[in-house]
1. For segment 1-63, what is the Kirkwood estimate of the hydrodynamic radius, computed as the reciprocal of the mean inverse distance between distinct Cα atoms, to one decimal in Å?
2. Need the list of lysines near residue 34 for cross-linking: C-alpha distance under 30 angstrom, and skip anything on the same chain fewer than eight residues off.
3. May I ask you to compute the full-extension gain from residue 93 to residue 37, defined as 0.36 nm times their residue separation minus their alpha-carbon distance, rounded to one decimal in nm?
4. Rank 21, 106 by accessible area, highest first, at a 1.4 Å probe radius?
5. Which longest run of the chain has no exposed loop site in it, a site being trypsin sites (Lys or Arg not before Pro) in a DSSP loop with at most 12 other beta carbons within 10 Å, and the site itself not part of the run?
6. What number do you get for segment 1-128 when its Cα radius of gyration is normalised by 2.2 N^0.38 Å, N = residues?
7. Under the Kirkwood approximation applied to all pairs of distinct alpha-carbon atoms, what is the hydrodynamic radius of segment 71-123 in Å?
8. Once segment 59-98 is represented by equal point scatterers at the alpha-carbon sites, with solvent omitted, what log10 I(q)/I(0) does the Debye formula produce at q = 0.25, 0.29, 0.34 Å⁻¹?
Amino acid sequence: MSLTSTTLAEAILARETEFKLTAVTGAAAGYLLKVNSEFMLLREVDTTTYQVKVERGQCGTLAVDHNILSLAVVGPEADFPPLPPWHIYTYGASGALTVGPGIHRLAKATAGSYTLRAPRADEEGLEML
């Protein structure tokens, strides 16, 4: 995979299609930019000012507001893993939680101890309820 990570240099509103990143390493027109759970299509990348122009709400995601320094992952569409369907995970005993989109039920009858590993770059913005 050739995904690279950067961050937003400024907060952006859902309607904005031009904004700055803190770096544009690995970014190119035609690549996807994933900020939190929203995918955007990069149309232009200025390697001097780090300004990008995008099409918002790609790959079935919605254009939403994002805060300054939100993680942004850049790469060709083929390098992003397909989004798995929502799933219900049930944990009846203490242990590691599975990283995956969906509902995670902690069903142990008594107090439990659970761990969650740090997300990979392509998992940033993944929703676990």
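1. Numbers: mean 1/r = 0.0859 Å⁻¹.
One decimal place: 11.6 Å for the Kirkwood radius.
2. 20, 53
3. Values: separation 56, 0.36 × 56 = 20.16 nm, distance 2.95 nm.
Taking residue 93 through residue 37 to full extension adds about 17.2 nm, to one decimal.
4. On the way: 21 5, 106 100 Å².
If we order 21, 106 from most to least accessible, we get 106, 21.
5. Numbers: sites that count: 15, 117.
Longest run free of exposed loop sites: 16-116.
6. Numbers: Rg = 16.9 Å, N = 128, 2.2 N^0.38 = 13.9 Å.
Against the empirical 2.2 N^0.38 Å value, I get 1.21 for segment 1-128.
7. Working: mean 1/r = 0.0757 Å⁻¹.
Answer for segment 71-123: a Kirkwood hydrodynamic radius of 13.2 Å.
8. Normalising to I(0) and taking log10 leaves -1.03, -1.11, -1.23.
The values are calculated or read from the model by the stated rules, or taken from the named source; none is laboratory data. In this text the structure is predicted, and so the values were computed from the model without any measurement. Methodologically, a virtual Cβ is constructed for each residue, glycine included, from the backbone with ideal geometry; neighbour enumeration extends over all protein chains shown. The accessibility values were calculated without ligands, DNA or RNA, using every heavy atom of the protein model including side chains. Shrake-Rupley method; radii C 1.70, N 1.55, O 1.52, S 1.80 Å.
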